[in-house]
Amino acid sequence: MPAAASSAASTQAPQHYLGGIALRLLAMASLSLMFVLVKYVDRAGIHIVESLFWRQALVLPFLLVWIRATTGGFASLRTQRIGAHARRMTMGLVGMACNFGGMIFLPMAEATTISLSVPIFAVIFAAALLGEPTGWQRWSAVIVGFVGVLVVLDPGASIAAGFGGDHGMGTLIALAGAVMTALITIAVRDLGRTEAAATIVFWFSALSMIPLGLMLPFVITSHSAQEWLLLLGLGFSGAVVQMALTGALRLAPVAVVIPMDYTSLLWSIAAGWWFFGTFPAETTWIGAPLIVASGLFIAWREHRLHIARTKEVAA
């Protein structure tokens, strides 16, 4: 093996596909648990700003311990792109608020199905903002996915109702969350050119304390022991999600672990039934397979293109 190749290989994290898949599955199960807690926290009358504050604040200690254990120090947290991190933080808070809001107003399975449209929007934004080449195959997958989104949203019924009530509002909020999350993937992709994953996660959590901390005095209330347990669980599950997502990408390629994200729909259906006695609407059963098929094809296509680019570089 050439010296350069040997050096490059030695700096890469060891690849363990099954471990990466297991961590991604853990992240999806933890994400569903976190959203169950989001709904319970809202039912307890806790303002969404306060739930976001504790979600971020309680993540930081776990995150710092994890960074210390996996990197051996905090030198990796140094950055020369604090402005880019601040922009990612702003988008991240808006996206998280929308995702929380969608879960609060909608049944879990429906909100999760809408969130699975993120890869569809990511393809569009990557083409429009980054100029990434997008062939007819991926555009076809995007169209199929959009059909699935429209089926789930049931725009005819929503327009007739004027998008009124909790369900109509929740649909719009959940869709906004999916769009914002897709934009965040573009921002993170840009940051990833120069920053480690742990650095991106840390600065998102740390910087978000500024706006959330400024708003907290206006919404904070006293809590019972049970409510504090809910908030602690929200922070802990959020920490598990972030660390498992990052760890999965250290152990296996994106194309290997991304398909595991669709297990979140199974978890949300089970959690919605077990905790809240809700089942997906008929339109969700029809639209979800289209969205899942579209996302899986986009992931598979990206994997094939990556293999092709790797062969070209090796040649």
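Readers should treat all values here as calculations from the given coordinates under stated rules, not as data from a laboratory. Because the structure is a prediction, the values reported are computed rather than measured. Cβ placement follows ideal geometry from the backbone for every residue including glycine, while neighbour counts extend to all protein chains displayed.
Annotations
- Neighbourhood charge, 14 Å Cβ-Cβ cut-off, centred on Asp190 and excluding it, Lys, Arg +1 and Asp, Glu -1: +3
- Note on the chain: GNM, Cα springs under 10 Å; of Ser140, Ser205, Ser51, the largest mean-square fluctuation is that of Ser140.
- Note on the chain: GNM, Cα springs under 10 Å; of Pro259, Pro280, Pro133, the largest mean-square fluctuation is that of Pro133.
- In order along segment 92-99, phi translates into HN-Hα couplings of x, 5, 4, x, 5, 4, 5, 5 Hz, rounded to whole numbers, per the Karplus curve 6.51 cos²θ - 1.76 cosθ + 1.60 with θ = phi - 60° and x for Gly and Pro.
- Sum of -39500 (n - 2.57) over DSSP H runs of 4+, divided by residues of the chain (222 nm, nearest 500): -26500 deg cm²/dmol
- Nearest-20 debye value, segment 14-314 charge dipole, Cβ charges on Lys, Arg, Asp, Glu: 940
- Whole-number percent relative contact order across the chain, with pairs defined as alpha carbons under 8 Å at least 6 apart: 42
- Ordering Val94, Val241, Val123 from the fewest to the most neighbouring beta carbons within 10 Å gives Val94, Val241, Val123.
- Our estimate of slack between Leu130 and Asp190, defined as 0.36 nm per intervening residue step minus the Cα-Cα distance, is 20.7 nm.
- Among 100-109, 224-233, 263-272, the peptide with the highest mean count of other Cβ atoms within 10 Å heads the list, and the full ranking is 100-109, 263-272, 224-233.
- Under 13 Å, Cβ to Cβ, from Ala84 - net charge with Lys/Arg +1 and Asp/Glu -1: +3
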